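Participant: Take this structure, written in structure tokens, and hold onto it; I'll ask about it next.
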Amino acid sequence: MSGVTTAEKTITQNGHQVKLYVMKPEKVSGKTGVLLFIHGGVWIVGNYENHKRLLRDLVVGSGQIGVFVEYTPLPTAKFPTQLEESYAALQWVAAHAGEFGADGKHIAVAGNSVGGNMTAALSLMAKDRNGPKISYQVLLIPATDASVDTQSYLDYGTDRFLARSFMKYGWDLYAPDAKTRDNPYVSPLRATLDQLKGLPPALVITAENDPLRDEGEAYAHKLEQAGVDVAAVRYNGTIHDFVLLNALRHVPSTDAALRQIADGIREHIAK
């Protein structure tokens, strides 16, 4: 891909073996920050190959080095494996970023769909465990609750890019019991305000015609109530994962969203 170079690396951290892809912008001077990216795909169908163009756009746009987490998909493993692997990646990046020319003290985390879910959960986990500092969290059209019964699910859960039935299938595999679904690391929207206090600044992007719209916006509102610095933006006239889909790459809403994300990452990593 133009404008970047990519290397594959498998790490071992906290007993987890995780494959990472390190993507560097070709035009960079000095040490950059790190963009840790957690992919979507309902924990089933996502991977580096179908997310690399999105990561490339964010790396080039923000000028930061991207690290893509290739976590274990469903049904091979369920919660908390995928999240613990992502946390292991965060810890490794914080300790080893200098090896690939980055500063491990300046990390942004971003994810789309269920990757947005795990980005929110990872931010909570890092705070709870006094783990590596996250400078910025970017939740792109995120899943924030294991229920699939919001109005936007009813309005847009069929005949769209993301089907309600597929999300329900993914949730049933990832977190099959009610007790697990109440865990804020599974359903961040169910976290208390006290649990949300002190989280890193957040950007929450939703799409008008998306089953996940309502829960994403509800989570942004709850972050605001908890005193978190949050920006919530709904892109009208578009669908779930619009920033990911190559067919929508050059429509104005995608261009605008990618610029907004890259600008936010660059601004917060520099602090």
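The values are calculated or read from the model by the stated rules, or taken from the named source; none is laboratory data. None of the values given here were measured: they were computed from a predicted structure. All Cβ positions, glycine included, derive from the backbone under ideal geometry; neighbour counts span all protein chains shown.
Participant: Would you check if residue 107 is crowded, with 24+ Cβ neighbours inside 10 Å, modelled with pLDDT of 95 or more and more than 21 Å from residue 197 (Cα to Cα)?
Facilitator: It is false that residue 107 is crowded, with 24+ Cβ neighbours inside 10 Å, modelled with pLDDT of 95 or more and more than 21 Å from residue 197 (Cα to Cα).
Participant: From the list 188, 142, 200, 211, which one is farther than 21 Å from residue 244 by Cβ and either under 18 Å from the mean Cα position of the chain (by Cα) or small (Gly, Ala, Ser) (or both)?
Facilitator: Only one candidate passes the filter, namely 200.
Participant: Can you find a residue that is aliphatic (A, V, I, L, M), in contact (Cβ under 8 Å) with a residue 12 or more places away in the chain and more than 21 Å from residue 51 (Cα to Cα) anywhere in region 154-172?
Facilitator: no
Participant: Can you spot a residue in region 223-243 that is more than 13 Å from residue 156 (Cβ to Cβ), part of a helix (DSSP H, G or I), under 18 Å from the mean Cα position of the chain (by Cα) and not aromatic (Phe, Trp, Tyr)?
Facilitator: Yes, that holds for at least one residue.
Participant: Looking at residue 29, is it polar (S, T, N, Q) and in contact (Cβ under 8 Å) with a residue 24 or more places away in the chain?
Facilitator: The answer is no for residue 29.
Participant: For residues that are part of a strand (DSSP E or B), out of contact with any Gly (no Cβ under 7 Å at 6 or more places or on another chain) and of a type in the set (Ser, Thr, Tyr), scanning just region 1-49, find the one that is farthest from residue 89 (Cα to Cα).
Facilitator: My answer is 5.
Participant: Tell me yes or no: at least one residue of region 254-263 is in a loop (DSSP other than H, G, I, E, B), in contact with a helix residue (DSSP H, G or I) (Cβ under 7 Å, 6 or more places away or on another chain) and either among the aromatic types (Phe, Trp, Tyr) or within 24 Å of residue 124 (Cβ to Cβ) (or both).
Facilitator: The answer is no, given that none of the residues of region 254-263 is in a loop (DSSP other than H, G, I, E, B), in contact with a helix residue (DSSP H, G or I) (Cβ under 7 Å, 6 or more places away or on another chain) and either among the aromatic types (Phe, Trp, Tyr) or within 24 Å of residue 124 (Cβ to Cβ) (or both).
Participant: While we're looking at this one, here's another question. Are any of the residues in region 204-211 more than 23 Å from residue 251 (Cα to Cα), modelled with pLDDT of 95 or more and not small (Gly, Ala, Ser)? Step through it out loud before you land on a result.
Facilitator: Quick first cut of region 204-211, residues more than 23 Å from residue 251 (Cα to Cα) only: none.
No, because not a single residue in region 204-211 is more than 23 Å from residue 251 (Cα to Cα), modelled with pLDDT of 95 or more and not small (Gly, Ala, Ser).
Participant: Within the bounds of region 236-246, is there any residue that is loosely packed, with under 15 Cβ neighbours inside 10 Å and either of a type in the set (D, E, K, R) or under 22 Å from residue 37 (Cβ atoms) (or both)?
Facilitator: Looking for residues that are loosely packed, with under 15 Cβ neighbours inside 10 Å and either of a type in the set (D, E, K, R) or under 22 Å from residue 37 (Cβ atoms) (or both), one finds at least one in region 236-246, hence yes.
Participant: Let me ask another. Might you check whether a residue that is out of contact with any helix residue (DSSP H, G or I) (no Cβ under 8 Å at 6 or more places or on another chain), surrounded by fewer than 20 Cβ atoms within 10 Å (Cβ to Cβ), closer than 13 Å to residue 185 by Cα and at pLDDT 95 or above occurs anywhere in region 77-95?
Facilitator: Looking through region 77-95, at least one residue is out of contact with any helix residue (DSSP H, G or I) (no Cβ under 8 Å at 6 or more places or on another chain), surrounded by fewer than 20 Cβ atoms within 10 Å (Cβ to Cβ), closer than 13 Å to residue 185 by Cα and at pLDDT 95 or above.
Participant: With respect to residue 176, is the statement that it is surrounded by fewer than 14 Cβ atoms within 10 Å (Cβ to Cβ) and touching a residue at least 40 places away in the same chain (Cβ under 8 Å) true? Lay out the reasoning, then the answer.
Facilitator: Details: surrounded by fewer than 14 Cβ atoms within 10 Å (Cβ to Cβ): yes; touching a residue at least 40 places away in the same chain (Cβ under 8 Å): yes.
Yes; evaluated as a whole, the condition is true for this residue.
Participant: Here is a further query. Are any of the residues in region 56-75 buried (at least 23 other Cβ atoms within 10 Å of the Cβ) and assigned to a loop (DSSP other than H, G, I, E, B)?
Facilitator: Yes: one or more hits.
Participant: Here is a check on your reading of the model: is residue 126 more than 13 Å from the chain's Cα centre (by Cα) and either within 15 Å of residue 228 (Cβ to Cβ) or part of a loop (DSSP other than H, G, I, E, B) (or both)? Show your work before the answer.
Facilitator: On the way: more than 13 Å from the chain's Cα centre (by Cα): yes; either within 15 Å of residue 228 (Cβ to Cβ) or part of a loop (DSSP other than H, G, I, E, B) (or both): yes.
Taking the combined requirement at face value, the residue satisfies it.
Participant: Could you say which residue among 49, 85 is closer than 30 Å to residue 175 by Cβ, of a type in the set (Asp, Glu) and in contact with a Ser or Thr (Cβ under 7 Å, 6 or more places away or on another chain)?
Facilitator: Among 49, 85, only 85 is closer than 30 Å to residue 175 by Cβ, of a type in the set (Asp, Glu) and in contact with a Ser or Thr (Cβ under 7 Å, 6 or more places away or on another chain).
Participant: Taking residue 229 as the residue in question, decide whether it is within 25 Å of residue 84 (Cβ to Cβ), surrounded by fewer than 18 Cβ atoms within 10 Å (Cβ to Cβ) and either among the basic types (Lys, Arg) or free of Cβ contacts under 8 Å to residues at least 60 places away in the same chain (or both).
Facilitator: Details: within 25 Å of residue 84 (Cβ to Cβ): no; surrounded by fewer than 18 Cβ atoms within 10 Å (Cβ to Cβ): yes; either among the basic types (Lys, Arg) or free of Cβ contacts under 8 Å to residues at least 60 places away in the same chain (or both): yes.
Taking the combined requirement at face value, the residue does not satisfy it.
Participant: Follow-up question, since we're still on this one. Looking only at region 190-211, which residues are touching a Ser or Thr at 6+ places or on another chain (Cβ under 7 Å) and closer than 19 Å to residue 156 by Cα?
Facilitator: Hits for region 190-211 are 207, 208, 209, 210, 211.
Participant: Considering (1) of a type in the set (Gly, Ala, Ser); (2) more than 17 Å from residue 111 (Cβ to Cβ); (3) not in a helix (DSSP H, G or I), say which one residue 143 fails and leave the rest.
Facilitator: Residue 143 satisfies all of (1) of a type in the set (Gly, Ala, Ser); (2) more than 17 Å from residue 111 (Cβ to Cβ); (3) not in a helix (DSSP H, G or I) except (2).
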